[in-house]
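Coordinate-derived values only; no laboratory data. Quick caveat, the model's predicted, so the values are computed rather than measured. Here the Cβ positions follow ideal geometry from the backbone for every residue, glycine too, while neighbour counts run over all protein chains shown.
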Amino acid sequence: MSRRDDMEGFTLIELMITIALLAILAAVAFPSFGQFIRNSQLQAQAEELKAFVQQARSEAVVARASAELTIKSDAAWEISRGGDVLRRLEHDAAKATLTATDGNGTALSSLTYYPSGVASSAARFTVCRDQDPANGYLVTVEPSGSIQLHPRGKDGNDPLDACE
């Protein structure tokens, strides 16, 4: 078969080499992409938890009545005021583990915000996956009521010790 000088296009070998190179690049990039997705899900869960705690404080200040954040189980948390549930936070425990402790490291079952915006105690909320503190997030609540989401794997300037 003769080739005309005005014909343009790719040969079959050129296409096969291009596809092989793309397959190699995809095989190298896919594991990193999976980790990126898991880290993004964990960060989203931490940011949602911070917003949830901020809402508990806001509810107390705006209504001028105490609001309680109650930890019902690992996958269900509630904000209530005067016995009425205002909001629930539910999450998939397979994607993230949420734990709460007070300032002494004791498990926390509830946190109360008073009408002035102060909290009943200091609290530490960790959001982790597979008990990996290097990729976990820490949300801290000061007794003054201020809430802070720390960078991934950090506890202030120090590395996050544990996910519990």
Per-residue Cβ neighbour rank within 10 angstrom, fewest leading, S144, S120, S58 | S144, S58, S120
Quick one: length gained pulling S73 to L25 fully straight, 0.36 nm per residue minus the C-alpha distance?
-> 13.0 nm
Using 11 Å as the cut-off for backbone N distance, which residues of the stretch 130-156 belong to the label zone defined by a point 7 Å from the Cα of N39 along Cα→Cβ?
-> 135-136, 152-153
What value, in deg cm²/dmol to 500, does the helix sum -39500 (n - 2.57) over DSSP H runs of n ≥ 4 give at 222 nm once divided by the residues of the chain?
-> -12000 deg cm²/dmol
Relative to the longest principal axis of the chain, what angle (0 to 90°, nearest 10) does the C-alpha long axis of helix 12-63 take?
-> 10
May I ask you to list the lysines whose Cα is less than 22 Å away from that of K154, ignoring any residue fewer than eight positions away on the same chain?
-> K50, K95
Specify the residue with the greatest mean-square fluctuation among A93, A20, A56, computed from a Gaussian network of the chain linking alpha-carbon atoms under 10 Å apart.
-> A20
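Whole-Å semi-axes of the chain's equivalent ellipsoid, largest first, each the root of 5 times a Cα gyration tensor eigenvalue?
Numbers: eigenvalues 515, 60, 33 Å².
Here the semi-axes work out to 51, 17, 13 Å.
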Per-residue Cβ neighbour rank within 10 angstrom, fewest leading, C163, C128 = C163, C128
FRET efficiency for D92 and T18 from the Cβ-Cβ distance with R0 = 41 Å, rounded to 0.05, comes out at 0.55
